[in-house]
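One structure is given below, encoded as structure tokens.
Where a number appears in this text, it was derived from the coordinates with a stated rule and is not lab data. Predicted model, so just to flag it, every value in this text is computed and none were measured. With ideal geometry, Cβ positions are generated from the backbone for all residues, glycine too; neighbour counts draw on all protein chains shown.
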Amino acid sequence: MQNRLYITAVLTGILLHAIVFSRHEWDRHAPRIVIYAYVLYVAAVGLLIVKGGFTFGQSILETLILGAALLSGLFGSMVTYRLFLHPLHLFPGPLVARLTSFWVIQQSIPDLKFYVKLRGLHDRYGDFVRIRPREVSICHPDAVIDVHGPRSRIRKGEWYDLTYPHPNLQAVRDPELHRKQRPYWDKAFQSNALQEYTPRLAAHYKILMSMFDSHATLGTSVDASGAFLDLFFDVISDLTFGKSFNGLTTKQRSPIVEEFLKRQRPGGFLLLHIPILHIVRQLSMKTIKKWEHWYEAALEARKTMRTETSDIYTYLSKSDGFMSNLVGEAELIMVAGADTNAITITNVCYLMCRHPEYQTKLYEELAELPTIDGIIDDQHLVGKPYLTGIINEALRLHPPAPSGVQRLTPPEGAVIAGRYIPGDIVVTTPTYSLHRDPRTFARPNDFIPERWSSKPELVLRKEAFLPFGYGAYNCSGKPLAMLQLRMVVAMIFKQFEVSFAPDKELECQHFVDHQADCFTLHLEPLPLLLKKRQTVD
Ligand code: HEM
């Protein structure tokens, strides 16, 4: 009798996998699955006591054995399927990666540098590497258009259910809904909007410059990553809520910025395994609600504020989608619009310290440009070869979102870079690996700003330059990001010579090795020494 029960449990496990779990999307249901499993367990214990005449202890033990039998059926079926029957079973990749998504987490411990290891995996296994049971990383320049191009039917996958059931623009998986929402965002970042924002930006930049000035005068070092994070969080809160965090002036980080930075690393691990992320989200609801209230209050204050010029809020509030998910969309702006810029400019500073000859070249390019209070208007900066080249090289060598974005093939599958990928498969075009592929950029690991101007032969496949993504879901804030990058980089290198802080030189040399992939990069401090240029007007 008992043996029959165990065999039934094993078969139930196999059926659960074959009919239920291998077919539909389950990631976002992970918390519910855990609760149902617990309830079922308690019910089974009760049933064995009431109907089977077991003692309490026996029924606990018996239910544990039955549970183990069910799980062995479930996982046994899963392993067999993933190894021998899965549509990806002929794709190359490490053995454990074929079996479980936890492999990527294990590979990311302790430093969250899987994006660097992935480059090595592509060198070893080729253009297509199975990095999770249901995911292929495709490092081939043709894959960019095939996956993200206008004719692609490939969509966003389950990874984007992060904020389910309230998706913000980035998390919207329905292409129609995204098409409706996106124009409002594009308007918030088109050139006339940027012109309106510029005086506000300039006010923040002046604060940064006066802080840098004091450090230069006193001969003290400044932590570039910290300063740029504060700057860009101040800017984005000003443009979204009509009120700066004043992190630069007060040297006090807003609790919301502190929280973002504190959660970044643990969040980086959770983002590698979405079912666990959903469970942790449920367990952290109290904290999430606290921050939602913070956003609600800030947005409420902005709503009632009389402003003379438009800001991001002005444009987005014309969209029904934005107004129906205010908190989620505001969170997106904060997460997408501040640290990405800080990462890029910190990396520019790092590269300029490693290649000081480019500081001279950039200075010569900027020396004659008119400034007002040390700030050069963006109209004078667009298209400047060294400025553009230096920023592009920082974005290429150290893309702020280095792993690239996940997409899902349509049910009928898709041909990507000449190979058929079956339907319902997660595909990624790994940004860091593509940027360092000799088929996309000649001498891919070298910092050569001229490749973006006088040496175009070093850019072999421009479409594979993906720091802002590509296609319908690319970065809508790119125009604002590029304007800010140009203005801040120009302002710093026109006024200062920058070098690694002398007592921290070794630490600085390894700054890039310490960057961790948390969807965007997590930066460690970069202490720099600034020397004021003599010829500044
Ligand atoms: C150097 C700076 C930046 C980089 C490298 C960057 C990169 C990216 C990337 C790779 C994506 C695609 C994400 C995906 O497909 O899941 C994205 C999306 C997005 N970014 Fe940026 N970003 C930057 C700055 C900004 C700024 C300043 C804003 C303004 C608030 C912004 C707003 C957005 C938004 C709203 C999306 C979602 C677009 C959509 O799904 O239609 N980003 N960004």
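Things to note:
- Reciprocal mean inverse distance between Cα atoms of the chain - Kirkwood radius, Å: 25.5
- FRET efficiency for the pair E524 and I288, taken as 1/(1 + (r/R0)^6) with r the Cβ-Cβ distance and R0 = 30 Å, rounds to 0.65.
- Per-residue 3J(HN,Hα) values for region 474-487, derived from phi via the Karplus relation 6.51 cos²θ - 1.76 cosθ + 1.60 with θ = phi - 60°, read 5, 5, 6, x, 3, x, 5, 4, 5, 4, 5, 4, 4, 5 Hz in sequence order (x marks Gly and Pro).
- With Cα atoms, 0 to 90° folded angle of helix 285-303 axis to the chain main axis: 40
- Principal axis box of region 2-85, alpha-carbon based, largest edge first, Å: 42, 28, 15
- Members of K113/K504; K251/K289; K180/K262 lying beyond 31 Å, as alpha-carbon distances in this model show: K180/K262
- Distance from region 418-470 to region 121-191 (C-alpha centre basis), Å: 16
- Neighbour-limited loop hits for GluC sites (Glu not before Pro), region 241-341 (at most 16 other Cβ within 10 Å; DSSP other than H, G, I, E, B): E308
- Potential lengthening between V34 and K180 on full extension [0.36 nm per residue; Cα-Cα distance subtracted]: 49.0 nm
- Simple rule: put +1 on each Lys or Arg Cβ and -1 on each Asp or Glu Cβ in the chain, find the dipole, and look at Y350, L272, S59; the Cα lying farthest toward the positive end is S59.
- Of the chymotrypsin sites (Phe, Trp or Tyr not before Pro) found in region 23-70, those in coil by DSSP whose Cβ has at most 16 other Cβ atoms within 10 Å are W26.
- Structural size metrics of region 100-172, computed from C-alpha coordinates, are Rg and Dmax of 14.5, 40 Å.
- In terms of distances greater than 23 angstrom between alpha carbons, the cross-link table entries K117/K478; K156/K318; K187/K243; K361/K478 yield K117/K478; K156/K318; K361/K478.
- Dipole of the chain, positive direction: furthest Cα of F114, A43, S403, with charges on the beta-carbon: A43
- Inverting the pair-averaged 1/r between distinct Cα atoms of region 41-107 gives 14.4 Å as its Kirkwood hydrodynamic radius.
- Within region 2-85: Cβ-based charge dipole about Cα centre, in debye rounded to nearest 20 (Lys, Arg +1; Asp, Glu -1): 100
- Debye, to nearest 20: dipole size of the chain, +1 on Lys, Arg Cβ, -1 on Asp, Glu Cβ: 1500
- The stretch between T250 and D373, if pulled fully straight at 0.36 nm per residue, gains 42.1 nm over its current Cα-Cα span.
- The distance separating the Cα centre of region 66-99 from that of region 477-528 comes to 43 Å.
- Trypsin sites (Lys or Arg not before Pro) lying in DSSP loop within region 244-325, provided at most 10 other Cβ fall within 10 Å: K251, R306
- Amide H partners (placed H, <5 Å) of F500, local residues excluded: L529
- Cα long-axis angle, helix 339-354 against the chain (0 to 90 degrees, to the nearest 10): 60
- Helix 30-50 vs. the chain, principal-axis angle (Cα, 0 to 90°, nearest 10): 20
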